[in-house]
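To keep things clear, I will list the structure first and then write my remarks on it.
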Amino acid sequence: MAIKNLQDLLILHRYLIKGEVQEAAAPYYAAYLASKFGVVVNAPLLLCEDNVRAIADLFCREVPDSFYANPQDTSFYSEQELCIEQLISYLKIEMCGVESEDPAVFARLPVFDKVLPTYVQGEEKVIRTFYIIDREEAEHYVSKLFEGYCSYTRPWSTSERGEVIFCIDNGYFYGQNIACKDNIIFLLKTYGSEEFAKMLDYKDVVKISLSILEVRKQLTIDEKTRALLALAVKNARPCVLSKKQSKYFNQLIKKTGADIPLTDNSDSPYAIAKKLVADGDVVGAAKFLATQGSLLLRSLFWLLSRAESDEEVDEILSLLKIGKPIVGMQVLYMLTGYTDALRRFVFYKKGIKIMHEESEEESEKRRSRVELSVRKKVEAAVISEIKRYYASRPSLGRIYVSDSFRKVGVPINTAVCGNGLDVLPPGSRLPISGDYLRAFCYWNGVHDMDLSVVFYDGDTMTINLSWSTYSFKPFGDSALTSGDARDKDGAEYIDFRIKELLEKGWKYGVVFVNAFGGMFNEGEVFCGYQNKDDLKTKAWAPDNIAMKMSVKGEGRQFAAFALDLQRREVVVLNTLIGMHGHVVDNDSVYAFKPYLTPDVLDAFNMYTLLSSRGDLVDDPADADIVFDPDYVGKDGQKIVRPWDVPLLVSFVN
């Protein structure tokens, strides 16, 4: 959602700003919020009309009329009937035009006369507490939130950038250090300020020029771009460059007319390390890289695969020192998905997860395989170093950490997409109450989003339920979808019967949204899930939303969340995928296999991390900082919720 004012930002973190109180109306406002949305507030007599409107916008922003049908209607239709109805519906759309303004054009046409049940409201309400704070408390909270954003070591998502811009434009930036160079580059391009240019080094300037100009044989730039690059070149700090980077940076010096010396790459640390490895001195290369910040950790598998004995392996691991804990956690993530076979692996480009399947030729060239016994040593060494790093940080004092944080992932994902209602860091797990769950997606101002799920048996088998397969009922009545909605203000949803899906042999399901008729940077797209006590209720019930996120970014495929059917848990993914396909791809599920394995959280989670940062107490009333989703604090206490991702990041970094 767009951030227009302070309340828009705060409500995403369950805070409401105290306004002009109408004492007679406040109790009615409280009753309305509780019955309509399952929302209670810590001080109901302080509720005002603006608070009610803000809650209503958060839960029910322009939900299309088509959302009030129920996909369980499809259980009363045969496969042939659904297929005929789908074909007739598509023919109707083609005749009326895919740009039609009439939502009825895109609805599924019930050609066959069926007697359907009357749906009633269920008992699946979710109760959430929102906290009313005054303007001064709000300003302080947003200030801390912005400092958390500054500490990110990954690029901000599109929605996070909106929050950051709001904070800067409203005076919350006063020279704080910004940890991620991609974020500095974004701010430099947005504001053209010397202040941000001074935070960059020569490598960053090469990066920003390539992002603007792309790689060209002739470096030609217009005057506006030349002025921006000249600002960056003149103010950036010198650093070690590769041969290619050095050559490119020298072109920038000449093209921008900056009065600084030309560069070379004579002291590149990778060049020195490669020479040592080529001479057979792997340990010497490790010792050298250990003096270069996090380069040893980043080169660990390359070095270990070339070690010739257990003694060399142990000596290399003894050199590990965690300077950037996020890099260590990324190593643990890599270990979870490690394979000696042809790899499906991911990397990040412009904050989007890119999937790549290794070819036979690439496999032949790869020499970074390490044995299982070595991987176990790496895992133990990295976890030990991460804990040592946090134990050496300044103490947070007396802290209370709720057990729920054992299920909260460490926010290291570089492809996070959206914010919203109770959106936890990727990898976090939430319990599924009951045996029924409903995934939903609705959109405004962009044509034809598609909601789908890819089921996975934990081995090799994958099958999807989407607009292209729904009429064939590949899972019988155990998983049903509402069908295809193609208009620009539409909605789709899928219902799951967990016990039945398990009995059919499925262990996981990954829920995707695909932008068939547009992109995620157009209009507004929302998705999430609802726990349902039964499936005899209407599709949209705002008081039982378990999680809802806004999908924003430059892409066409979004992984919303996964279902661990055996553990009855939802795994938050919230990740844009760098694919150009307009429809779901079954192989996309493999990019998230490490998240599907609960060992990721067993190895390291926010509880483990935070427990190393202070003196644990058993009673939250005795703590200076409380990490808990529900605790209402005393004066002077700092409370951090699992969905306060920017604050969590500030403790991670």
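A short reminder: the numbers here are calculations on the coordinates, not readings from a lab. If you're wondering where the values come from, they're calculated on a predicted model, not measured in any experiment. All Cβ positions, glycine included, derive from the backbone under ideal geometry; neighbour counts span all protein chains shown.
See the values below:
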item: Residue among V126, S246, L421 farthest towards the positive dipole end of the chain, charges placed on Cβ; result: S246
item: Candidate lysines for bridging to K198, where Cα separation is under 21 Å - those fewer than 8 sequence places away on the same chain excluded; result: K181, K189, K207, K224, K234, K254, K255
item: Net charge, D134 excluded, C-beta distance under 15 Å - Lys, Arg +1, Asp, Glu -1; result: -4
item: Gyration tensor (alpha-carbon) shape descriptor, region 181-256, a/c threshold 1.5; result: oblate
item: Counting DSSP beta bridges with both ends in the chain, the antiparallel % (nearest 5); result: 80 percent
item: Which listed pairs, of K18/K548; K4/K538; K203/K275; K377/K593, have C-alpha distances above 27 Å, in listed order; result: K4/K538
item: Total formal charge among the other residues, if their Cβ is under 14 angstrom from that of S318, Lys/Arg +1 and Asp/Glu -1; result: -2
item: Residues of region 394-428 with amide N under 20 Å of a point placed 7 Å along Cα→Cβ from D615; result: 394-402
item: Dipole of the chain, positive direction: furthest Cα of L16, I272, F561, with charges on the beta-carbon; result: I272
item: Order of H582, H140 - criterion: other Cβ atoms within 10 Å of each residue's Cβ, fewest first; result: H140, H582
item: Sorted by Cβ neighbour density within 10 Å, fewest at the top, the residues C527, C83, C180; result: C83, C180, C527
item: All aspartates and glutamates inside 16 Å of K387 as judged from Cα atoms, apart from same-chain residues fewer than 8 positions distant; result: E379, D602, D615
item: Length released on extending from D264 to E20, taking residue separation times 0.36 nm less the Cα-Cα span; result: 81.5 nm
item: Cα centroid separation, region 221-296 to region 462-505 (Å); result: 51 Å
item: Distance between modelled label sites at C83 and K538, nm, 7 Å Cα→Cβ extension; result: 3.5 nm
item: Filtered GluC sites (Glu not before Pro), region 262-334: DSSP coil and at most 10 other beta carbons within 10 Å; result: E308
item: Mean shadow area of the chain over all directions, Cα convex hull, nm²; result: 32.4 nm²
item: Assigned charges on the beta-carbon of Lys, Arg, Asp, Glu; the chain dipole about Cα centre (debye); result: 2240 debye
item: Folded to 0 to 90 degrees: helix 26-37 orientation relative to the chain principal axis, Cα; result: 90 degrees
item: The chain: angle of helix 49-60 to the longest principal axis, Cα-based, in degrees nearest 10; result: 90 degrees
item: Computed over region 181-256: relative contact order in percent, which uses C-alpha pairs under 8 Å that are six or more apart; result: 39 percent
item: Under 9 Å, Cβ to Cβ, from K114 - net charge with Lys/Arg +1 and Asp/Glu -1; result: -3
item: Extreme residue, positive dipole direction of the chain, given options I184, V233, F67 (C-beta unit charges); result: V233
item: W443, W506 arranged by Cβ crowding within 10 Å, fewest neighbours leading; result: W506, W443
item: The chain, relative contact order in percent, only Cα pairs under 8 angstrom and at least six apart counted; result: 19 percent
item: Anisotropy class of region 59-110 from Cα gyration tensor, a/c 1.5 cut; result: oblate
item: Disulfide-incompatible cysteines by the Cβ rule (no partner under 4.7 Å) in the chain; result: C48, C60, C83, C96, C150, C167, C180, C239, C417
